[in-house]
Amino acid sequence: AKRSGRGIVRLFDEQMDEGIRVRRLVEAGLTQAIARDELTLVFQPIVGRGDLSIAGFEALVRWHSPEHGAVSPAIFIPIAEESNLIHQLGDWVLDEALAQVRHWPDQYVSVNFSPVQFRRSHFVGHILDSVRRAGVDPARVQIEITETAIFDDAERAAQTLCELRKLGFRIALDDFGTGYSSLYNIRKFALDCLKIDRSFIDGMGRERESAAIVHSIIHLGRALGLGVVAEGVETEAQAQALRVAGASHLQGFLFSRPVAPCEARKLAARRALP
Ligand code: C2E
Ligand code: CA
Ligand code: CA
Ligand code: CA
């Protein structure tokens, strides 16, 4: 037993070493990614529930590393958050998203902000500088934050959101249902919409629980006068169930994968998906 115990410990150490090694590699690569033009943005349409009209696009970052190939943001965003690279990366994402929204007739661009960015001092002033520099109306910029961003210091978060809202920005609470925000907090926040996490949409057809949660979130959102966006919609059955339940907007591979900026421009000009 002792021996196998040591074996497990050693295996664990090796896995730790491997994890640290990968993280160092990614961190080193990411530091240069912006300067070397290795980052791009793709845009996924967010459509109205009834027709296929495009209300906005979510900006999603992509990294094509010459050393590692395509690296998922699910891998490199957490690493960027731990190493402070997230600020530089986030600034790049915002500027690039703003450069694109200027080419669309009237849709908004929805930009993901990590909790680390959101908690930075002068967050509001920083975003405002960027949109002014780009000449974009804040009403065409939706700020996506997760519950984690508002969890530690709800008072301060509420104030930040209130300032952003007064300036005309749209605010979306992303991955709703997976975090820790209490309903008490939701009430106090200046929000425009809730985004239901993909995991619930995915489970909807299979488990009663997921379907019940989706219905409750939609009900809650509507009762509070918020939009409700369902993300990760992959099947017509899901879309239909979500329409019946009263979601205001849908997003997912069923409608469109995230597309390159030139494609987003074409879709935006047509105002609806084909
Ligand atoms: P998220 O904000 O929840 O973004 C939605 C993710 O779901 C995206 O993955 C999108 O491509 C994917 N998705 C959309 N529709 C479907 C569908 O129908 N089926 C499935 N299976 N997936 C779908 P992606 O682009 O890999 O991004 C992963 C996460 O990385 C994002 O989750 C977000 O948390 C983070 N992320 C991406 N771009 C940025 C960024 O610019 N800044 C920050 N801070 N985080 C980002
Ligand atoms: Ca998001
Ligand atoms: Ca999400
Ligand atoms: Ca998600």
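The values are calculated or read from the model by the stated rules, or taken from the named source; none is laboratory data. It should be emphasised that the depicted structure is a prediction, and the values quoted were computed from it without experimental measurement. Ideal geometry is used to build each Cβ from the backbone, glycine not excepted, and the neighbour counts take in all protein chains shown. The area values use the complete protein model at the heavy-atom level, side chains included, leaving out ligands, DNA and RNA. Shrake-Rupley method; radii C 1.70, N 1.55, O 1.52, S 1.80 Å.
Name the helices (runs of 4 or more DSSP H) wholly within region 173-258 that hold at least 3 residues that are farther than 20 Å from residue 58 by Cβ?
Output list reads 183-188, 208-223, 236-245.
Please identify the pairs in which a residue from region 253-266 that is within 12 Å of residue 103 (Cβ to Cβ) has its Cβ atom under 7 Å from the Cβ atom of a residue that is polar (S, T, N, Q) and assigned to a helix (DSSP H, G or I), counting only partners at least 6 apart or on another chain.
Matching pairs, first to second residue: 261/100; 264/100.
Please list, ordered by residue number, the strands (runs of 3 or more DSSP E) wholly in region 34-102 having 1 or more residues that are in contact with a helix residue (DSSP H, G or I) (Cβ under 6 Å, 6 or more places away or on another chain).
Qualifying strands (runs of 3 or more DSSP E): 39-48, 54-65.
Give me the residue from region 182-199 that is open to solvent by less than 30 Å² (accessible area, probe 1.4 Å) and either aromatic (Phe, Trp, Tyr) or at pLDDT 85 or above (or both) and, out of that set, nearest to ligand 4 (Cβ to nearest atom).
Top of the filtered list is 197.
What about residue 165, is it more than 15 Å from ligand 2 (Cβ to nearest atom), surrounded by 13 or more Cβ atoms within 10 Å (Cβ to Cβ), within 30 Å of residue 132 (Cα to Cα) and under 20 Å from the mean Cα position of the chain (by Cα)?
The answer is yes for residue 165.
What single numbered condition from (1) under 15 Å from the mean Cα position of the chain (by Cα); (2) over 28 Å from residue 52 (Cβ atoms) fails to hold for residue 97?
Going through (1) under 15 Å from the mean Cα position of the chain (by Cα); (2) over 28 Å from residue 52 (Cβ atoms) one by one, residue 97 breaks only (2).
In the set 101, 47, 22, 111, which member is open to solvent by less than 10 Å² (accessible area, probe 1.4 Å) and more than 13 Å from ligand 1 (Cβ to nearest atom)?
The match here is 101.
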